[in-house]
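Right, one structure below, let's go through it.
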Amino acid sequence: CTPTLIPWENRKQLVSPAAKAVIAYDPSNGKELWRVRHRGWSIAPRPVYGHGMVFVIMDHDRPELWAIKPGGAGDVTESHIAWKQKRGMPSRSSPLLVDDLIFVVNHDGIASCLEARKGTLVWKKRLDGDYSASLLHAGGRIYFFNENAVCTVIKAARQYEILANNALGNERLMASPAAAGNSLFVRTEKHLYRIEGPSQ
């Protein structure tokens, strides 16, 4: 997966999940700072950082979301895991942190909202289709693109509310969407879409 650069105690750490461990490095010299052991492998989701913790998906076949305090030195497996969520976590798409909430969707379309500080489940809903693309947050909305190129838009909130469902066609969609300015870029199997509202 793509590693994440995080701030920590007046310096930066490069947090990189890998098979059997997630490891933090000093980006200035490559020195290992700490590691947390796990049983997993082939991790695709990118970690995210907030509230003094880094949120990492562990394992591909039985994915779990772990909240890790990024301090310490050496093996901190027994001391620096704040919480774990073992049910309904994604094997491909990255978690999304919005304020004090974490949003995820697993491959089977189970979408969950969790309390970032404690890992408590706020809500869980089933969406149509299979999901590989990571979620996107913009303008108080969260965009879920399934593999049939259908996008479900919800409020980024504690209350689950669908705002829209939009279909781009019958092409397969695996890539995560991207935003730039007022445009949304979406790549399907055969096309790259730029979606933008009318100028104000």
(message) So, taking all protein chains as they sit and a 1.4 Å probe, how much accessible area belongs to Arg37, in Å² rounded to tens?
(response) 110 Å²
(message) Given points 7 Å out from each Cα along the Cα-Cβ axis, report the Ser183 to Glu78 separation in nanometres with one decimal.
(response) 5.4 nm
(message) Just to be sure I follow the rule: in region 18-118, considering lysines 8 or more places apart or on different chains, how many pairs have Cα atoms under 15 Å apart?
(response) 4
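For region 121-163, what percent of Cα pairs sit more than 14 Å apart? All intermediate terms of the calculation are to be shown ahead of the outcome.
Values: 428 of 903 pairs.
Distances greater than 14 Å cover 47 percent of the Cα pairs.
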(request) For region 88-179, give the magnitude of the charge dipole about the Cα centre (Cβ charges: +1 Lys/Arg, -1 Asp/Glu; no others), in debye to the nearest 20. (result) 240 debye
(message) Connecting C-alpha atoms closer than 10 Å in a GNM of the chain, tell me which of Asn182, Asn166, Asn106 has the biggest fluctuation.
(response) Asn182
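How much length is gained on full extension from Asp130 to Arg11, taking 0.36 nm per residue of separation minus their Cα-Cα distance?
Extra length available between Asp130 and Arg11 comes to 38.9 nm.
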(message) So, taking all protein chains as they sit and a 1.4 Å probe, how much accessible area belongs to Glu32, in Å² rounded to tens?
(response) 70 Å²
(message) Just want the answer: with Cβ charges of +1 for Lys and Arg and -1 for Asp and Glu, which residue in Leu135, Ile154, Tyr25 is farthest toward the dipole's positive end in the chain?
(response) Tyr25
(request) Pop out the ³J(HN,Hα) list for region 102-116 in order, Karplus 6.51 cos²θ - 1.76 cosθ + 1.60 with θ = phi - 60°, rounded to Hz; leave Gly and Pro as x. (result) 10, 10, 9, 9, 8, 4, 7, x, 7, 9, 9, 10, 10, 6, 5
(request) Of the options Leu65, Pro95, His107, report the single residue whose Cα projects farthest towards the positive end of the charge dipole of region 45-115 (beta-carbon charges: Lys, Arg +1; Asp, Glu -1). (result) His107
(message) Run the paramagnetic zone check for Arg117: 7 angstrom along Cα to Cβ, then residues of region 38-63 with backbone nitrogen under 11 Å.
(response) 51
(message) Let me spell out the model: positive unit charges on the Cβ of Lys and Arg, negative unit charges on the Cβ of Asp and Glu, origin at the Cα centre of region 140-200. What dipole size does that give, in debye rounded to 20?
(response) 120 debye
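Count charges around Asp75 for me, please; just the other residues with Cβ under 9 Å from its Cβ, Lys/Arg as +1, Asp/Glu as -1.
+1
If you roll a 1.4 Å probe over the chain with all protein chains in place, what percent of the accessible area is carbon or sulfur?
Numbers: 4760 of 10390 Å².
Its accessible area is 46 percent carbon and sulfur atoms.
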(message) Can you compute 3J(HN,Hα) from phi for each residue in region 126-141, using the Karplus curve 6.51 cos²θ - 1.76 cosθ + 1.60 with θ = phi - 60°, rounded to whole Hz and x for Gly and Pro?
(response) 9, 9, 6, x, 9, 10, 10, 5, 6, 6, 10, 10, 7, x, x, 10
(message) Using a probe radius of 1.4 Å on heavy atoms only, what accessible surface per residue do you get for the chain? Whole Å² is fine.
(response) 52 Å²
(message) Can you list residues from other chains, or at least 5 along the same chain, whose modelled amide H is less than 5 Å from the amide H of Asn148?
(response) Asp130, Leu173
(request) Provide the per-residue ³J(HN,Hα) series for region 11-21, in order, calculated from phi with Karplus coefficients 6.51, -1.76, 1.60 and θ = phi - 60°, each as a whole number of Hz, with x at glycine and proline positions. (result) 8, 10, 10, 9, 9, 10, x, 8, 4, 6, 6
(request) Could you name the aspartates and glutamates whose alpha carbon sits less than 20 Å from that of Lys155, not counting residues in the same chain fewer than 8 places away? (result) Asp99, Asp100, Glu115, Asp128, Glu196
(message) I'd like to know which of Leu168, Phe185, Pro3 lies farthest towards the positive end of the charge dipole of the chain, counting +1 on Cβ of Lys and Arg and -1 on Cβ of Asp and Glu.
(response) Pro3
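Can you give the alpha-carbon Rg of region 100-181 over 2.2 N^0.38 Å, where N counts its residues? Display every interim value, and only then the final one.
Details: Rg = 12.4 Å, N = 82, 2.2 N^0.38 = 11.7 Å.
In units of the 2.2 N^0.38 Å rule of thumb, it is 1.06.
Rounding to the nearest 20 debye, state how big the charge dipole of the chain is about its Cα centre with +1 on each Lys and Arg Cβ and -1 on each Asp and Glu Cβ.
Working: 26 positive and 19 negative charges, 53 e Å.
Dipole of the chain, to the nearest 20 debye: 260 debye.
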(request) Could you pull the accessible area for Asp75 with a 1.4 Å probe, rounded to 10 Å²? (result) 80 Å²
(request) Calculate the length of the line joining the C-alpha centroid of region 10-73 to that of region 95-163, in whole Å. (result) 22 Å
(message) Taking Kirkwood radius over Cα pairs in Å straight from the coordinates, which label in (1) 18.2; (2) 19.0; (3) 17.6 is the correct one?
(response) (3)
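Sum up the charges of everything whose Cβ sits under 11 Å from the Cβ of Gly169, counting Lys and Arg as +1 and Asp and Glu as -1, but leave Gly169 out. Could you put the intermediate results ahead of the total?
Values: positive: Arg172, Lys190; negative: Glu171, Glu189.
Its environment carries a net charge of 0.
The values are calculated or read from the model by the stated rules, or taken from the named source; none is laboratory data. None of these values were measured; they are calculated from a predicted model. Note: ideal-geometry Cβ built from the backbone for every residue, glycine included; neighbour counts use all protein chains shown. SASA here: full protein model, heavy atoms, side chains in, ligands and nucleic acids out. Shrake-Rupley method; radii C 1.70, N 1.55, O 1.52, S 1.80 Å.
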